[in-house]
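For reference, the structure is listed below as structure tokens.
The values are calculated or read from the model by the stated rules, or taken from the named source; none is laboratory data. Keep in mind that what you see is a predicted model, and the values were worked out from it rather than measured. Here the Cβ positions follow ideal geometry from the backbone for every residue, glycine too, while neighbour counts run over all protein chains shown.
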Amino acid sequence: MKQKGRQPKGKLIKPTFFVFCEGETEEAYIKYLRSLYRLPIEIDPKIAGNRITDKYIANHKNHKTVPEG
């Protein structure tokens with residue numbers, strides 16, 4: 001019987017999360033969580049208030065390039 005060789009694992013890509021904040025306190029909280037858990041979270045520095053809509057998110061994601069690594 002032929003033994004199975006080691007299967008290559010492939011490259012693991014860490015996901016990037018986009019977080020849209022309504023105010024300054026939410027931004028500070030997300031920065032805290034990012035540093036605590038070392039998460040690859042990108043923070044949108046513009047405070048959009050209650051104007052965060054699906055269209056706003058889609059436009060932002062289309063204009064950002066996600067770094068590979």
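Once region 5-19 is narrowed to residues that are basic (Lys, Arg) and at pLDDT 70 or above, the residue that is farthest from Lys61 (Cα to Cα) is Arg6. One residue stands out among those in region 48-64 that are surrounded by fewer than 14 Cβ atoms within 10 Å (Cβ to Cβ) and part of a loop (DSSP other than H, G, I, E, B): the one that is modelled with the lowest pLDDT, which is Lys64. When restricted to residues that are of a type outside the set (Val, Ile, Thr), more than 23 Å from Leu12 (Cβ to Cβ) and modelled with pLDDT of 75 or more, region 25-47 contains 6.
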